[in-house]
1. Give a quick list of trypsin sites (Lys or Arg not before Pro) in the stretch 17-85 that DSSP marks as loop, anything other than H, G, I, E or B, with at most 13 other Cβ atoms within 10 Å.
2. Grab the DSSP H runs of the chain that are 4 residues or longer, score each as -39,500 (n - 2.57), total them, divide by all residues and round the 222 nm result to the nearest 500 deg cm²/dmol.
3. Please find, in a Gaussian network model of the chain (springs between Cα atoms separated by less than 10 Å), the residue of L64, L26, L41 whose mean-square fluctuation is greatest.
4. If exposed GluC sites (Glu not before Pro) are those in a DSSP loop with at most 14 other Cβ within 10 Å, what is the longest stretch of the chain that has none?
5. Given T27, P48, Q8, which one lies farthest toward the positive end of the charge dipole of the chain, if we put +1 on the Cβ of every Lys and Arg and -1 on the Cβ of every Asp and Glu?
6. Taking the 0 to 90 degree range and rounding to the nearest ten, how far is the long axis of helix 73-92 tilted relative to the main principal axis of the chain, both from C-alpha atoms?
7. Under a plain spin-label model, where a point goes 7 Å from the Cα along Cα-to-Cβ, how far apart in nm are W90 and A42?
8. Do you know the relative contact order of the chain, to the nearest whole percent, from alpha carbon pairs under 8 angstrom that are 6+ apart?
Amino acid sequence: MERRKIRQKAAVALKYRPERDKAPRLTAKGKGLVAEKIMALARERGIPVHDDPALVEILSTLELNQEIPPHVYKAVAEILGFVYSLNRRWNEQGGEGMKR
């Protein structure tokens, strides 16, 4: 009988404060139920969620509050650009039509 490894859902959360941080920091990470809770809290608070299992795998190796390493700057910068564009559209629409 062949056994398949069932991959648990994993999630991370980043926080970036340009006035304080040199790079985004890992603020939460988890698998299974913890990952589901991280994603649910983000959605409840209107924080955009991006699905990238390879990036989550890399970021999951970091310690909490650790800045992201330089080799993932480009991938994280693309995600932050996406989030900033969502925020800009939300603000331009006065918060209408998009959940924040």
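1. Numbers: sites: R20, K22, R25, K29, K31, K37, R43, R45, K74; in loops: R20, K22, R45.
Hits after loop and neighbour filter: R20, K22, R45.
2. Working: 3 runs with 39 residues, N = 100.
That calculation yields -12500 deg cm²/dmol at 222 nm.
3. Of L64, L26, L41, the most mobile in the Gaussian network model is L41.
4. Numbers: sites that count: E2, E19, E63, E96.
No qualifying site falls inside 20-62, the longest such stretch.
5. Towards the positive end, the residue furthest out is Q8.
6. Relative to the chain, helix 73-92 is tipped by roughly 40 degrees.
7. About 1.3 nm separates the two model spin labels.
8. For the chain, the relative contact order is 26 percent.
Here, each number is a calculation from the coordinates, and none is a lab measurement. Please read these numbers as outputs of a predicted model, since none were measured by experiment. Backbone-built Cβ (ideal geometry, glycine too); neighbour counts: all protein chains shown.
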